[in-house]
Amino acid sequence: ADMVLSYTTSPAYHLIAEGDASKAAAPFAEGHYMQVEVAGKLASTDQPELADRFLAFMLTDAFQAVIPTTNWMYPAAIPDGGLPDGFETLIQPAKPLLLSAAEARAARGPALDEWLNALSR
């Protein structure tokens, strides 16, 4: 495909895992939507201490260090050793976008229409 809809960190996968430096993210002046992943503890858990320990583990340097090359995304905290080689080549969006669920639903149809129209030219 000439173009795919993916994350701005996707080129890191191609570069690091495949040795392919031909992929790049397209910078959009209107911004790039942020993908935020979270973890939490259920109020109803019968193992609150274990949940707390796991959440604390997720914030350790060792855990954060594997996020870039397993989830192919930026970690919550930059590990002591820094990001893997290749991440420095990624674009840094000047305008991060974070829409509410209602805003995302409302924008989905028009955004897909615009995307399909642009790619059909």
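In the stretch 1-46, which residues are aliphatic (A, V, I, L, M) and within 19 Å of residue 111 (Cα to Cα)?
Taking the stretch 1-46 as the starting set, the residues that turn out to be aliphatic (A, V, I, L, M) are 1, 3-5, 12, 15-17, 21, 24-26, 29, 34, 36, 38-39, 42-43.
Correct list: 3, 4, 5, 25, 26, 29, 34.
Residue by residue through the stretch 75-102, note down the ones that are assigned to a helix (DSSP H, G or I), of a type outside the set (Ser, Thr, Tyr) and modelled with pLDDT of 95 or more. Steps first, answer last, please.
The initial filter retains those residues of the stretch 75-102 that are assigned to a helix (DSSP H, G or I), namely 87-89, 101-102.
Right, trim to of a type outside the set (Ser, Thr, Tyr) and you get 87-88, 101-102.
Passing the criteria: 87, 88, 102.
The rows are residues; the columns are (1) under 22 Å from residue 4 (Cβ atoms); (2) surrounded by 10 or more Cβ atoms within 10 Å (Cβ to Cβ).
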position	(1), (2)
37	yes, no
42	no, no
80	no, no
103	no, yes
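Would you confirm whether or not the stretch 43-62 contains a residue that is small (Gly, Ala, Ser), within 15 Å of the chain's Cα centre (by Cα) and assigned to a loop (DSSP other than H, G, I, E, B)?
Here is the first cut: in the stretch 43-62, the ones small (Gly, Ala, Ser) are 43-44, 51, 56, 62.
Of the ones still in play, those that are also within 15 Å of the chain's Cα centre (by Cα) are none.
No.
Could you tell me whether the stretch 49-60 includes any residue that is among the aliphatic types (A, V, I, L, M), loosely packed, with under 10 Cβ neighbours inside 10 Å and within 29 Å of residue 15 (Cβ to Cβ)? Reasoning before the result, please.
Restricting attention to the stretch 49-60, the residues satisfying the condition of being among the aliphatic types (A, V, I, L, M) are 50-51, 55-56, 58-59.
Checking the rest, the ones that are also loosely packed, with under 10 Cβ neighbours inside 10 Å come to none.
No, that holds for no residue.
Could you list, in sequence order, the residues of the stretch 22-48 that are in contact with a helix residue (DSSP H, G or I) (Cβ under 7 Å, 6 or more places away or on another chain) and in contact (Cβ under 8 Å) with a residue 40 or more places away in the chain?
Narrowing the stretch 22-48 to residues in contact with a helix residue (DSSP H, G or I) (Cβ under 7 Å, 6 or more places away or on another chain): 23-25, 39, 41, 45.
Answer for the stretch 22-48, where residues must be in contact with a helix residue (DSSP H, G or I) (Cβ under 7 Å, 6 or more places away or on another chain) and in contact (Cβ under 8 Å) with a residue 40 or more places away in the chain: 24, 25.
Please work out which residue is nearest to residue 96 (Cα to Cα), limiting yourself to the stretch 1-21 and to residues that are outside any loop (DSSP other than H, G, I, E, B) and in contact (Cβ under 8 Å) with a residue 60 or more places away in the chain. Write out each step before concluding.
Of the residues in the stretch 1-21, the ones outside any loop (DSSP other than H, G, I, E, B) are 10-18.
Then drop every residue that is not in contact (Cβ under 8 Å) with a residue 60 or more places away in the chain, which leaves 10-12, 15-16.
Numbers: 10: 16, 11: 18, 12: 19, 15: 23, 16: 25 Å.
Per the stated criteria, the residue is 10.
Output the residues belonging to the stretch 26-59 that are among the aliphatic types (A, V, I, L, M) and modelled with pLDDT of 95 or more. Step through it out loud before you land on a result.
Of all residues in the stretch 26-59, those among the aliphatic types (A, V, I, L, M) come to 26, 29, 34, 36, 38-39, 42-43, 50-51, 55-56, 58-59.
Those that are among the aliphatic types (A, V, I, L, M) and modelled with pLDDT of 95 or more: 39, 42, 43, 50, 51, 55, 56, 58, 59.
The values are calculated or read from the model by the stated rules, or taken from the named source; none is laboratory data. Here the structure is a predicted model, which is why all the values come from computation and not from measurement. Here Cβ is always computed from backbone atoms with ideal geometry, including for glycine, and neighbour counts include all displayed protein chains.
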